[in-house]
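Working notes, beginning with the structure itself.
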Amino acid sequence: MSFNVMVVDDAMIMRFILSGILREHNYNVVAEAASGKEAVALYKVHKPNLVIMDITMPESGLVAVKEITEYDENAKVLMCSAMGQKTIVRDAILNGAKDFLVKPLRREDVVSAVGKLIGIPPGPGEAKNDFDVSVSDEEDSGKMSNLERRLRNKLSKGID
């Protein structure tokens, strides 16, 4: 089965590197975009299985992930940024991102995160991006939504 991926980053070198990593692992890069606006338009044309998108670029990645997930609630968007502050991660998740990577990106982290999002477990030596933590009384009582749980799990890992 072929997995179609779209790579979005305003830096051409990052698109080149990410696309190369994906192709090495037999993913089909169907589109590349340099802005959030272009990403939304190309998503609607190509409907990729996964989008890897930078946050800080023209026509913000945060706006684009929100528009993509409003267009397709099943969209899988992996956000990445050189800034790993909790507020940036929170905003990305709240806008619909399924996971978050902090630059500089390591090949094994990219491969692991992509595999996780499309249901392929990490191989030997690959990074594991598990954000599961124990369930609190508040979570167990049903007061937290799945999104709030995911966000709390990510933030509890100490992303600064």
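The values are calculated or read from the model by the stated rules, or taken from the named source; none is laboratory data. Quick caveat, the model's predicted, so the values are computed rather than measured. Using ideal geometry, Cβ is built from the backbone for each residue, glycine included, and neighbour counts are taken over all protein chains shown.
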**Prompt:** Does Glu73 satisfy the criteria of being part of a loop (DSSP other than H, G, I, E, B), over 21 Å from Pro104 (Cβ atoms) and out of contact with any Ser or Thr (no Cβ under 9 Å at 6 or more places or on another chain)?
**Reply:** yes
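Please verify whether the range 74-90 includes one or more residues that are within 17 Å of Arg15 (Cα to Cα) and among the polar types (S, T, N, Q). Can you show your working first?
Of the residues in the range 74-90, the ones within 17 Å of Arg15 (Cα to Cα) are 77-82.
Pick out the ones that are also among the polar types (S, T, N, Q) and you get 81.
Yes, that holds for at least one residue.
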**Prompt:** Before we move on, is Glu148 at pLDDT 55 or above and surrounded by 13 or more Cβ atoms within 10 Å (Cβ to Cβ)?
**Reply:** no
**Request:** Kindly list, by first and then second residue, each pair from a residue in the range 39-57 that is over 14 Å from Val77 (Cα atoms) and at pLDDT below 95 to a residue that is among the acidic types (Asp, Glu) and not in a helix (DSSP H, G or I), limited to pairs with Cβ atoms under 6 Å and residues at least 6 apart or on different chains.
**Result:** Met57/Asp10
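Here is a list: Val45, Val40, Val5. Which entry is outside any helix (DSSP H, G or I) and of a type in the set (A, V, I, L, M)? Before the answer, list the steps.
Working: Val45 fails: outside any helix (DSSP H, G or I); Val40 fails: outside any helix (DSSP H, G or I).
After ruling out the rest, the residue left standing is Val5.
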**Request:** Residues being out of contact with any Pro (no Cβ under 9 Å at 6 or more places or on another chain) and assigned to a strand (DSSP E or B): count how many of those fall in the range 8-28.
**Result:** 1
**Complete:** Scanning the range 77-119 for residues that are within 10 Å of the chain's Cα centre (by Cα) and assigned to a helix (DSSP H, G or I), the one surrounded by the most Cβ atoms within 10 Å (Cβ to Cβ) turns out to be Ala92
